[in-house]
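Q: Mind having a look at this structure? Questions to follow.
The values are calculated or read from the model by the stated rules, or taken from the named source; none is laboratory data. Just so it is clear, the model here is predicted, and its values are computed rather than measured. Cβ: placed from backbone, ideal geometry, glycine included. Neighbour counts: every protein chain shown. Heavy atoms of the whole protein, side chains included, go into the accessibility calculation; ligands, DNA and RNA do not. Shrake-Rupley method; radii C 1.70, N 1.55, O 1.52, S 1.80 Å.
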Amino acid sequence: MIGVLVYPDFQLLDAAGPISVFEIAGRFAGKTSSIKVVAAVPGPVRSSSGVEIFARGLKPSGAISTLIIAGGEGVRAAAQCEKTLAFVRGIAGRGGRVASVCSGAYVLAEAGLLDGRRATTHWRRTRHFIATYPKVKLEADQIFVRDGNIWSSAGISAGIDLALAMAAEDFGEEIAQETARQLVLYHRRSGGQSQFSSLLELKTPNGRFGPLLTWAREHLDAPLTVEDLAERAGMSSRHFTRAFIAETGTTPSKAVERLRIEVARQRVQSSGEAIERVAQVTGFRDPERMRRAFIRAFGQPPQSLRRAARAG
């Protein structure tokens, strides 16, 4: 069962977005999605827009396997409600999947579930969140973050991205893609708060070609042509390409570019290294080539990502 936790002055889309994802994904999967909205005080709960949603109480229940916590203007009060915090801790303690949308991360943090963990929240709340919860490894650039059974997402509509990733885990990648198409959304979104992670986007990073991808990541300054990779794998170029696409869902050249982008992004955001130097050591060679790759992946050039990281 999917539980969606709300409270007075919650953000309506934070709840409605994930609810719609699971409803549609369940329909495509041929399963009835059981979704329940819950709140500390049962009955009609008023969102910040004035629209009300009916919620059940926080009765102890092992039926909820996934709990999604909405964000919103009323989150500070919700994060101080011991009844709410105990309920959230209880589900996480049983091994349930617990997630926050936008500022719902404050509830997770107050419950102690984010200490030492990676998480994200709305970019406008980054400075306050870091100052308030220094034990949390906040990744302000991300659309959503998963750390074990604890998930968190960036602002508002990012809850839909998070729910699509959960649906992929529950029902499979094809169902998640079909759900995104039904909602007229990108399955994986790039942009300011990006969830891009090269190895995670490959369908089976730890499969047959896992060691090869790890080796490639450590030798990004080499040409890494299809012929180079095929030779390393002990296969002909044609057979290697076919097998690689079947295994990972992408071509060898695209996989290498993703690896280069991932490593380049880390260096751009975490150091003062010259952009030209980053392009050289990650195999892009030409800074303009790297800039175009960044725009395709993140919607902005390296310099913008660096400025955002420094501001955060």
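Q: Of the residues in region 41-87, how many are of a type in the set (Val, Ile, Thr), in contact (Cβ under 8 Å) with a residue 40 or more places away in the chain, closer than 23 Å to His122 by Cβ and touching a strand residue (DSSP E or B) at 6+ places or on another chain (Cβ under 6 Å)?
A: 4
Q: Quick check, is Thr126 buried (at least 22 other Cβ atoms within 10 Å of the Cβ), of a type in the set (Ser, Thr, Tyr), under 18 Å from the mean Cα position of the chain (by Cα) and at pLDDT below 95? Even if it seems obvious, please write down each step before you answer.
A: Numbers: buried (at least 22 other Cβ atoms within 10 Å of the Cβ): no; of a type in the set (Ser, Thr, Tyr): yes; under 18 Å from the mean Cα position of the chain (by Cα): yes; at pLDDT below 95: yes.
So Thr126 fails the test.
Q: Which of the numbered conditions does Thr179 fail, given that it passes all the others? Conditions: (1) of a type in the set (Val, Ile, Thr); (2) closer than 23 Å to Asn149 by Cα; (3) modelled with pLDDT of 55 or more; (4) assigned to a loop (DSSP other than H, G, I, E, B).
A: Going through the list (1) of a type in the set (Val, Ile, Thr); (2) closer than 23 Å to Asn149 by Cα; (3) modelled with pLDDT of 55 or more; (4) assigned to a loop (DSSP other than H, G, I, E, B), Thr179 breaks only (4).
Q: Looking at Leu114, Leu108 in this structure, which one is assigned to a loop (DSSP other than H, G, I, E, B), more than 15 Å from the chain's Cα centre (by Cα) and modelled with pLDDT of 90 or more?
A: Of Leu114, Leu108, the one residue that is assigned to a loop (DSSP other than H, G, I, E, B), more than 15 Å from the chain's Cα centre (by Cα) and modelled with pLDDT of 90 or more is Leu114.
Q: Determine which member of the set Ile68, Ile53 is in a strand (DSSP E or B), closer than 21 Å to Ile143 by Cα and at pLDDT 95 or above.
A: Exactly one of Ile68, Ile53 is in a strand (DSSP E or B), closer than 21 Å to Ile143 by Cα and at pLDDT 95 or above, namely Ile68.
Q: Return yes when Gly104 is in contact with a Cys (Cβ under 9 Å, 6 or more places away or on another chain), open to solvent by less than 10 Å² (accessible area, probe 1.4 Å) and within 16 Å of Asp161 (Cα to Cα) and no when it is not.
A: Spelling it out, it is not the case that Gly104 is in contact with a Cys (Cβ under 9 Å, 6 or more places away or on another chain), open to solvent by less than 10 Å² (accessible area, probe 1.4 Å) and within 16 Å of Asp161 (Cα to Cα).
Q: Please work out which residue is farthest from Lys254 (Cα to Cα), limiting yourself to region 286-299 and to residues that are open to solvent by 40 Å² or more (accessible area, probe 1.4 Å) and in contact (Cβ under 8 Å) with a residue 40 or more places away in the chain.
A: Ranking the candidates gives Gly299 first.
Q: Scan region 92-104 and tell me whether some residue there is part of a helix (DSSP H, G or I) and more than 24 Å from Lys137 (Cβ to Cβ).
A: No - not one qualifying residue is present in region 92-104.
Q: Just give me the residues in region 196-224 being at pLDDT 60 or above and either open to solvent by less than 50 Å² (accessible area, probe 1.4 Å) or in contact with a Gly (Cβ under 7 Å, 6 or more places away or on another chain) (or both), in sequence order.
A: Gly207, Phe209, Gly210, Leu212, Leu213, Ala216, Leu220, Asp221, Ala222, Leu224
Q: Out of (1) buried (at least 20 other Cβ atoms within 10 Å of the Cβ); (2) touching a helix residue (DSSP H, G or I) at 6+ places or on another chain (Cβ under 7 Å); (3) not aliphatic (A, V, I, L, M), what's the single condition that is false for Gly74?
A: (2)
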